Amino acid sequence: MIKKIPKIGLTTGDPAGIGPDILIKLAQYEYDAELVVIGDPYLLEDRAKKLNLRLKLNTFSQQKEPIISKRGELSIEEVILKDKVVAGQLNVAHSDYVLKTLDKAISHCLIKKLDALVTGPINKHSINTFLKSKKRNNQINFTGHTEYLAEKCNCPDVVMMLTDESKGFEQSKSKEKALRVALATTHLPLKMVSEAINISSLEKTIRILNKELIETFNVNKPNIFICGLNPHAGENGDLGDEEKNIIEPCLKKLESSGMNLIGPLPADTIFTPKYLDKADAILAMYHDQGLPVIKSKCFGETVNITLGLPFTRVSVDHGTALELAGTGKANAKSLLSAVNLAIELTTKQNHEK
């Protein structure tokens, strides 16, 4: 069987942030893939000069067979900026460019011109300010990559998960068991979390998580540990009834179908070795219940992956870091981990076809 070279799409993120910097640093290594940046070539060339790093951009051809990106080279699918970029200075007008790069990248993945997508860091407030200026309405239209991808791919049920397994799905390569933290809700104000959690939504999330652990990460009969929503997992209803009325009935229903589900457990103890040594994934009920734990363990090296999409999408675990843009001090480890994971998952999928 001829090994297929994966085509990995990458967006620059906000052009004023460190997205371009870490892409250029990424290009200084070699990969068994063609790395295709969807973005402005002049932005990348200018930033490469500031960083004093070699960069050659090759025009991406959708018709030709993929080519392995050599050290110091990237392929480019042009999306041209309309406004000048100053590294470290946020410009709301750049949000139009950010959304266009995302739309083109998603479109290419949906029609299989790209095999996977790695997204760069963005500024959500800047995007929402831009959308409001276009009189779309005064509501928050953009809550994050995860929700935007779900809408554009017509996949209402997706799951956000962060993992520290930079070597992909082959756990045997790592001495330490991978930590995977998935979320029952994503980018919601805290006061809206309880209302967003119901038996139906929780069941869909757990089914997607269980399916992806088996099919994507090669985990046989995964053990999924579930956080409670309230302190002490509700204390039998004394500190909240979501555990008794929603989480426990949902878990019992799914356990009857053969899933290995443990919980609900108090969030302040679920991330201890007693549970982590047995868990293939932890499902947290909301963003800041689970992500601070994994980020405190290995911030800058974890990968954000969206489960439930028709293609692999991963991302860095950090923001735009405007103060580091153009200085050469930005750390590219999370992007390196994201690209390595995208290549491994895509290669696995291609092999199984």
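The values are calculated or read from the model by the stated rules, or taken from the named source; none is laboratory data. Note that the coordinates shown come from a computational prediction; the quantities given were computed from them, not determined experimentally. Please note: Cβ atoms are built from the backbone with ideal geometry, for glycine as well, and neighbour counts cover all protein chains shown. What goes into the accessible areas is simple: the full protein's heavy atoms, side chains included, and nothing from ligands, DNA or RNA. Shrake-Rupley method; radii C 1.70, N 1.55, O 1.52, S 1.80 Å.
Brief remarks follow.
- When the residues of the stretch 11-33 are filtered to those that are open to solvent by less than 10 Å² (accessible area, probe 1.4 Å) and outside any loop (DSSP other than H, G, I, E, B), the one that is farthest from residue 114 (Cα to Cα) is 21.
- Tallying residues that are outside any loop (DSSP other than H, G, I, E, B), free of Cβ contacts under 8 Å to residues at least 12 places away in the same chain and of a type in the set (A, V, I, L, M) within the stretch 208-252 yields 1.
- Residues satisfying the criterion are present in the stretch 185-192 (criterion: under 15 Å from the mean Cα position of the chain (by Cα) and modelled with pLDDT under 95).
- Residue check, residue 260 surrounded by fewer than 22 Cβ atoms within 10 Å (Cβ to Cβ) and closer than 17 Å to residue 183 by Cβ: no
- When the criteria are applied in full, residue 278 fails the requirement of being in a helix (DSSP H, G or I) and charged (D, E, K, R).
- Residue in the stretch 195-207 that is part of a helix (DSSP H, G or I), crowded, with 22+ Cβ neighbours inside 10 Å and not aliphatic (A, V, I, L, M) present: yes
- Qualifying residue in the stretch 200-221 (condition: among the polar types (S, T, N, Q), modelled with pLDDT of 95 or more, under 21 Å from the mean Cα position of the chain (by Cα) and under 19 Å from residue 312 (Cα atoms)): yes
- Test: residue in the stretch 77-95 that is in a strand (DSSP E or B) and at pLDDT 95 or above: yes
- Within the stretch 208-223, being exposed (fewer than 15 other Cβ atoms within 10 Å of the Cβ) and either on the phi > 0 side of the Ramachandran plot or of a type in the set (Asp, Glu) (or both) holds for 215, 218, 221.
- Condition met for residue 280 (of a type outside the set (S, T, N, Q), crowded, with 16+ Cβ neighbours inside 10 Å and touching a Pro at 6+ places or on another chain (Cβ under 8 Å)): yes
- The residues on offer are 329, 295, 333, 274, and the sole one that is out of contact with any Leu (no Cβ under 9 Å at 6 or more places or on another chain), closer than 30 Å to residue 233 by Cα and not aromatic (Phe, Trp, Tyr) is 274.
- Answer residue from the stretch 292-313, given it is assigned to a helix (DSSP H, G or I) and not charged (D, E, K, R) and is most open to solvent (accessible area, probe 1.4 Å) among those: 296
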